[in-house]
Amino acid sequence: MRINEDTLLEGKSVVLVPYNADHVPRYHQWMGCPELQQLTASEPLTLEQEYDMQRSWREDDDKCTFIILDKQRWADPAVQEEQCMVGDVNIFLTDPSDSSLAELEIMIAEPSYRGKGLGKEVTRMMICYGVTKLGIRKFEAKIGLDNKVSIAMFKRFHFHELSVSEVFREVTLGMTVDQAVRTRLLGDMAFMQEREYRKDRDSRQEVTSSHATL
């Protein structure tokens, strides 16, 4: 989605940046994992297909994708951005007749980063971004029935069960953004800072270059 192509969102433990071509090799490596394929209901792609998918996600009006970075590693300019990647998060506008409805999808791909609260932080950040920047008023999440951790996390955000598909082995959870939700999630936006991605990326590269010439 073009709206977030130069958007960086900084939270307490993570930084969210637009999904660009530099991220594709690491992302492709992740999606070769059978466990992640199962959790995300995805089919393995070739590297070239992954590049095509990245371009599609960047340009399509119905997809908003961010790569999740480890904030602590990102703070060190000597660490390449691709080495800071821990997962991704997506907002999909699933109904052409209702632009206020979106599906939220989160993947913490690096096993060592699971169970540390990153999914909860990213979920809150993306709900706030979706509400304030995209005009989302209803969120849904489709989760495999065996993924108890993700189901429990979304329910902590007051998502409730909409339907269960035994055929696809997944549950659909939903949440409507009413005034109570806005007060609870958007009352204090200081936890998340929004900046221009290119400026931050260029600044990191300049620091790295200056260190290399010393």
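The values are calculated or read from the model by the stated rules, or taken from the named source; none is laboratory data. From a predicted model like this one, the values you see are computed outputs, not experimental measurements. Positions of Cβ are backbone-derived with ideal geometry, glycine not excepted, and every protein chain shown enters the neighbour counts. Accessible surface is based on the protein model in full, side chains and every heavy atom, while ligands, DNA and RNA are left aside. Shrake-Rupley method; radii C 1.70, N 1.55, O 1.52, S 1.80 Å.
Kindly indicate whether PRO111 is over 18 Å from the mean Cα position of the chain (by Cα) and over 22 Å from GLU194 (Cβ atoms).
In short, no.
Could you grab me the full set of residues in region 59-85 that are surrounded by fewer than 16 Cβ atoms within 10 Å (Cβ to Cβ), within 15 Å of TYR197 (Cα to Cα) and among the acidic types (Asp, Glu)?
GLU82
Going by the structure shown, is ARG26 of a type in the set (Lys, Arg) and surrounded by 16 or more Cβ atoms within 10 Å (Cβ to Cβ)?
Working: of a type in the set (Lys, Arg): yes; surrounded by 16 or more Cβ atoms within 10 Å (Cβ to Cβ): yes.
It is true that ARG26 is of a type in the set (Lys, Arg) and surrounded by 16 or more Cβ atoms within 10 Å (Cβ to Cβ).
Within the group ILE106, ILE143, ILE127, which residue is of a type in the set (A, V, I, L, M) and farther than 21 Å from GLU10 by Cβ?
Result: ILE143 is the single residue among ILE106, ILE143, ILE127 that is of a type in the set (A, V, I, L, M) and farther than 21 Å from GLU10 by Cβ.
Show me the strands (runs of 3 or more DSSP E) found entirely inside region 99-214 where at least 2 residues are free of Cβ contacts under 8 Å to residues at least 60 places away in the same chain and open to solvent by less than 20 Å² (accessible area, probe 1.4 Å).
Of the strands (runs of 3 or more DSSP E) lying wholly inside region 99-214, those with at least 2 residues that are free of Cβ contacts under 8 Å to residues at least 60 places away in the same chain and open to solvent by less than 20 Å² (accessible area, probe 1.4 Å) span 101-108, 138-144, 170-176.
Yes or no, residue by residue, for (1) more than 25 Å from SER56 (Cα to Cα); (2) within 14 Å of the chain's Cα centre (by Cα):
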{"position": "ASP95", "(1), (2)": "no, no"}
{"position": "ASP98", "(1), (2)": "no, no"}
{"position": "GLU103", "(1), (2)": "no, yes"}
{"position": "MET125", "(1), (2)": "no, yes"}
{"position": "GLY130", "(1), (2)": "no, yes"}
{"position": "LEU134", "(1), (2)": "no, no"}
{"position": "LYS142", "(1), (2)": "no, no"}
{"position": "LEU145", "(1), (2)": "yes, no"}
{"position": "VAL149", "(1), (2)": "yes, no"}
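Would it be correct to say that GLN49 is exposed (fewer than 13 other Cβ atoms within 10 Å of the Cβ) and either touching a Gly at 6+ places or on another chain (Cβ under 6 Å) or under 29 Å from ASP146 (Cα atoms) (or both)?
On the way: exposed (fewer than 13 other Cβ atoms within 10 Å of the Cβ): yes; either touching a Gly at 6+ places or on another chain (Cβ under 6 Å) or under 29 Å from ASP146 (Cα atoms) (or both): yes.
For GLN49, the condition - exposed (fewer than 13 other Cβ atoms within 10 Å of the Cβ) and either touching a Gly at 6+ places or on another chain (Cβ under 6 Å) or under 29 Å from ASP146 (Cα atoms) (or both) - is met.
Of the residues GLU10, GLU43, which single one is among the charged types (D, E, K, R), exposed (fewer than 14 other Cβ atoms within 10 Å of the Cβ) and at negative phi?
GLU43
Going by what's in this entry, would SER56 be described as closer than 24 Å to GLU121 by Cβ, among the hydroxyl-bearing types (Ser, Thr, Tyr), surrounded by fewer than 18 Cβ atoms within 10 Å (Cβ to Cβ) and without any contact (Cβ under 8 Å) to a residue 60 or more places away in the chain?
Numbers: closer than 24 Å to GLU121 by Cβ: no; among the hydroxyl-bearing types (Ser, Thr, Tyr): yes; surrounded by fewer than 18 Cβ atoms within 10 Å (Cβ to Cβ): yes; without any contact (Cβ under 8 Å) to a residue 60 or more places away in the chain: yes.
Taking the combined requirement at face value, the residue does not satisfy it.
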